[in-house]
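**Student:** The structure under discussion is supplied below as structure tokens; questions concerning it will follow.
The values are calculated or read from the model by the stated rules, or taken from the named source; none is laboratory data. Please read these numbers as outputs of a predicted model, since none were measured by experiment. Here the Cβ positions follow ideal geometry from the backbone for every residue, glycine too, while neighbour counts run over all protein chains shown.
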Amino acid sequence: MKNFEELGINKKFIKGLNELNIISPTEIQSQVIPLLLNTNTDLVGQAQTGTGKTAAYGLPLLHKIAPGQKKVQGLILCPTRELGQQIAKQLFKFTKYSAKIFTEAVYGGAPIERQIVALRRPTHIVVATPGRLIDLVKREAVDLSHVKTVILDEADEMLSMGFKKELDEILGFLTSAENKWLFSATMPVGIKQIVNKHLAADAQKIEVSGKNIVNKNIEHQYLICDEKEKLHSLLQFLKSEKDNRGVVFCKTKAAAQKLAKQLIAKNVAAGAIHGDLLQKERDKVMRAFKNENTQILVATDLAARGIDIEALSFVVHYQLPDKDEYYTHRSGRTARAGKRGISLSLVTTFETKQIRYFEKELGIIFNQVR
């Protein structure tokens with residue numbers, strides 16, 4: 001296994017990585033970084049969330065920025081505000097010891113005027129949700145004519161959120177970009193269309209198998225109970241976890257809202273995040289959780305994209321996800337930065353076959369708890 005220096009990363013960035021406890025490159029980082037550092041190229045990277053994609057594309061991007069030129073040189077497109085903020089924060093931390101490289105995150109659901117003012121400051125990299133970026137371009141608040149590198153992160157999520165038209169439009173006015181890097185967990189038809197239309201025919205393709213990326217520090221458990229016993233089982237589990245904090249996942253907005261209300265009625269400090277919340281309501285829930293005023297966050301899969309909270313002891317699947325990559329993504333909320341964590345699934349007898357399926361697909365072992 002090579003280290004970051006052997007991959008070609010500048011020592012000043014490595015110092016920032018060390019502080020974040022990022023020491024050994026992940027599989028995607030080892031494969032992608034040397035490729036992107038040394039040449040201008042288009043790339044399609046298939047990798048799940050939690051594989052270290054941000055550093056895989058972020059470090060080569062930082063190497064390509066000329067800090068002395070006060071122009072936007074890099075653009076990162078992503079599906080949600082939270083992910084955008086998280087990417088911007090990580091790039092900021094990577095550059096703690098290097099020449100100042102300024103990143104600005106812009107997204108819908110927040111006052112555009114404030115973002116327009118922020119973009120008047122020197123900005124080298126813009127992280128944006130597609131709709132808001134188009135608004136800013138139309139208002140001539142951001143100049144993309146010097147962008148050399150454009151990155152699509154979680155491209156399949158952007159597609160499932162209905163951003164295909166916007167992505168086509170944005171890539172349409174970035175034809176002179178020397179690097180187009182697309183990262184996606186899955187490769188649906190819409191993504192293939194984008195690749196064929198906007199990326200070079202000889203674009204590099206790298207796929208990191210999902211098999212080995214489930215964090216080894218997570219203990220996967222399942223508990224069999226009837227549907228109507230699930231709330232009681234969850235409360236018992238939360239009692240055993242005392243003051244520990246975690247995320248409970250539901251499949252639908254309605255289920256997340258209902259469960260949060262039931263937990264609050266049982267004196268559990270809980271908050272719910274789902275797609276129907278206004279941005280300021282969502283921020284309020286996330287703030288309370290980050291400040292440890294609430295112990296439990298009840299979330300839907302899409303709403304949880306981009307959540308990055310330190311020290312979560314557990315994840316509970318109150319309703320199992322439909323896709324194995326959602327299971328990986330959910331369980332990856334715990335056991336961060338070398339800590340251990342529990343991923344508990346509450347299942348009916350009928351749902352145990354889904355557990356077997358996850359075991360096979362993800363190469364993990366579930367322990368039954370009673």
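**Student:** Could you check ASN244 against (1) modelled with pLDDT of 85 or more; (2) crowded, with 18+ Cβ neighbours inside 10 Å and say which number it fails?
**Tutor:** (2)
**Student:** Name the pairs whose Cβ atoms lie under 9 Å apart, with the first residue in the range 140-160 and closer than 17 Å to GLY84 by Cβ and assigned by TED's automatic domain parsing to the domain that holds LEU182, the second part of a helix (DSSP H, G or I) and basic (Lys, Arg), and 6 or more positions between them or separate chains?
**Tutor:** THR149/LYS64; ASP153/LYS53; GLU154/LYS53; MET158/LYS164
**Student:** Let me ask another. Taking LEU171 and the conditions (1) assigned to a loop (DSSP other than H, G, I, E, B); (2) within 23 Å of the chain's Cα centre (by Cα), which numbered condition does it fall short on, given that it satisfies the others?
**Tutor:** (1)
**Student:** Can you confirm whether LEU133 is over 26 Å from LEU37 (Cα atoms), buried (at least 18 other Cβ atoms within 10 Å of the Cβ), touching a residue at least 40 places away in the same chain (Cβ under 8 Å) and in the same structural domain as GLY58 (by TED's automatic domain parsing)?
**Tutor:** Numbers: over 26 Å from LEU37 (Cα atoms): yes; buried (at least 18 other Cβ atoms within 10 Å of the Cβ): yes; touching a residue at least 40 places away in the same chain (Cβ under 8 Å): yes; in the same structural domain as GLY58 (by TED's automatic domain parsing): yes.
Yes, satisfied.
**Student:** Check every one of the helices (runs of 4 or more DSSP H) wholly within the range 227-344 and list those with 2 or more residues that are under 22 Å from ILE355 (Cα atoms) and acidic (Asp, Glu). Let's see the steps before the verdict.
**Tutor:** Details: elements: 230-240, 253-265, 279-290, 324-331.
Answer list for the range 227-344: 324-331.
**Student:** Would you be able to tell me the number of residues in the range 11-59 that are more than 29 Å from MET187 (Cβ to Cβ) and surrounded by fewer than 16 Cβ atoms within 10 Å (Cβ to Cβ)? Steps first, please.
**Tutor:** First, pick out the residues of the range 11-59 that are more than 29 Å from MET187 (Cβ to Cβ): 11-21, 23.
Subset that is surrounded by fewer than 16 Cβ atoms within 10 Å (Cβ to Cβ): 11-12, 15, 18-21, 23.
The total comes to 8.
**Student:** Which numbered condition in (1) closer than 22 Å to GLU361 by Cβ; (2) not in a loop (DSSP other than H, G, I, E, B) is the only one that TRP181 fails?
**Tutor:** Status for TRP181: all satisfied but (1).
**Student:** Follow-up. Against the definition (out of contact with any helix residue (DSSP H, G or I) (no Cβ under 6 Å at 6 or more places or on another chain), surrounded by fewer than 24 Cβ atoms within 10 Å (Cβ to Cβ) and in a helix (DSSP H, G or I)), how does LYS89 come out, yes or no? Spell out the reasoning first.
**Tutor:** On the way: out of contact with any helix residue (DSSP H, G or I) (no Cβ under 6 Å at 6 or more places or on another chain): yes; surrounded by fewer than 24 Cβ atoms within 10 Å (Cβ to Cβ): yes; in a helix (DSSP H, G or I): yes.
Against the criterion (out of contact with any helix residue (DSSP H, G or I) (no Cβ under 6 Å at 6 or more places or on another chain), surrounded by fewer than 24 Cβ atoms within 10 Å (Cβ to Cβ) and in a helix (DSSP H, G or I)), LYS89 qualifies.
**Student:** Of the conditions (1) crowded, with 16+ Cβ neighbours inside 10 Å; (2) over 21 Å from ALA110 (Cβ atoms); (3) free of Cβ contacts under 8 Å to residues at least 24 places away in the same chain, TYR326 clears all except one; give me its number.
**Tutor:** (3)
**Student:** Could you check the range 269-303 and list, in sequence order, the residues that are within 16 Å of the chain's Cα centre (by Cα) and more than 14 Å from GLN257 (Cα to Cα)?
**Tutor:** MET286, LEU302 - these are the residues of the range 269-303 that are within 16 Å of the chain's Cα centre (by Cα) and more than 14 Å from GLN257 (Cα to Cα).
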